[in-house]
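Novice: Supplied in structure tokens, the structure appears directly below.
FYI, it's all coordinate maths here, none of it is from the lab. Small disclaimer: the values here were computed from a predicted structure and weren't measured. Cβ placement follows ideal geometry from the backbone for every residue including glycine, while neighbour counts extend to all protein chains displayed.
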Amino acid sequence: MIACPRCRTIQPVDHLNTGRALPCPGCCAAVRADVFNAFLRADDPAAGYDTAQAPGQAECFYHPGKAAIVPCGACGRLLCAVCRVDLDGRTLCMRCLQAGRDKQRITTLQNRRTLYDSLALNLAFWPMTMIFPTLLTAPAAIYYAVRHFRAPDHILPRTHLKSILAMLLASGQIVAWIVFAFYQWGRWV
């Protein structure tokens, strides 16, 4: 909606496109608000990628010549059906979506992802340098590798190589502990 530049009061719809300055309901300052017709149009998801043919009809900011159907909820740029991105009930352009992601202002976007194959490989490999933590980390590595082996793919393509390598290392550690335990138990008996 259009706000008064002085007091930030939202202007009523009947004050828009009148061609003259009308008093603001909040501060009585003279405000003239001229907007494109697409700004007042209801959001229609069935609207297509139409050509702006009528004189005075709003055009998409990113695609000149294409009819604008909705403004961006962050910057106000008019967008066509191709440029609009619906996110949590708001319509955004790609630049505002990218800026919100980069500055982490849009909390519903997934900015981080746990890479369980790397976690399983680290659980299997690094404790081998200290021997005793492998009693706990080897079963944990097998758990993460098996549990998340069929997890949905990430944005970046990944292979199952790390998971398989983690399962092999962890299995080897468990076998080594079993052999060590039998060897020690045989010496005591």
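Novice: Can you pull out every residue in segment 64-92 that is surrounded by fewer than 21 Cβ atoms within 10 Å (Cβ to Cβ), among the small types (Gly, Ala, Ser), out of contact with any helix residue (DSSP H, G or I) (no Cβ under 7 Å at 6 or more places or on another chain) and on the phi < 0 side of the Ramachandran plot?
Specialist: Gly73, Ala81, listed by residue number.
Novice: Restricting the search to segment 135-175, which residues are surrounded by 13 or more Cβ atoms within 10 Å (Cβ to Cβ) and polar (S, T, N, Q)?
Specialist: Thr137, Ser163, Ser171, Gln173
Novice: Among the aromatic types (Phe, Trp, Tyr) and surrounded by 14 or more Cβ atoms within 10 Å (Cβ to Cβ): does that describe Phe132?
Specialist: no
Novice: In segment 130-153, which residue that is among the β-branched types (Val, Ile, Thr) and within 14 Å of Gly172 (Cα to Cα) is nearest to the chain's Cα centre (by Cα)?
Specialist: Here is the first cut: in segment 130-153, the residues among the β-branched types (Val, Ile, Thr) are 131, 134, 137, 142, 146.
Keeping just the survivors that are within 14 Å of Gly172 (Cα to Cα) gives 131, 134, 137, 142.
Numbers: Ile131: 41, Thr134: 37, Thr137: 32, Ile142: 30 Å.
It comes out as Ile142.
Novice: Could I ask something else about it? Determine whether segment 93-110 contains at least one residue that is at positive phi, assigned to a loop (DSSP other than H, G, I, E, B), of a type in the set (S, T, N, Q) and out of contact with any Asp or Glu (no Cβ under 7 Å at 6 or more places or on another chain).
Specialist: yes
Novice: I would also like to ask the following. Please go through segment 75-111 and give me each residue that is over 11 Å from the mean Cα position of the chain (by Cα), more than 18 Å from Ala58 (Cα to Cα) and aliphatic (A, V, I, L, M), ordered by number.
Specialist: Of everything in segment 75-111, those that are over 11 Å from the mean Cα position of the chain (by Cα), more than 18 Å from Ala58 (Cα to Cα) and aliphatic (A, V, I, L, M) turn out to be Val85, Met94, Ala99.
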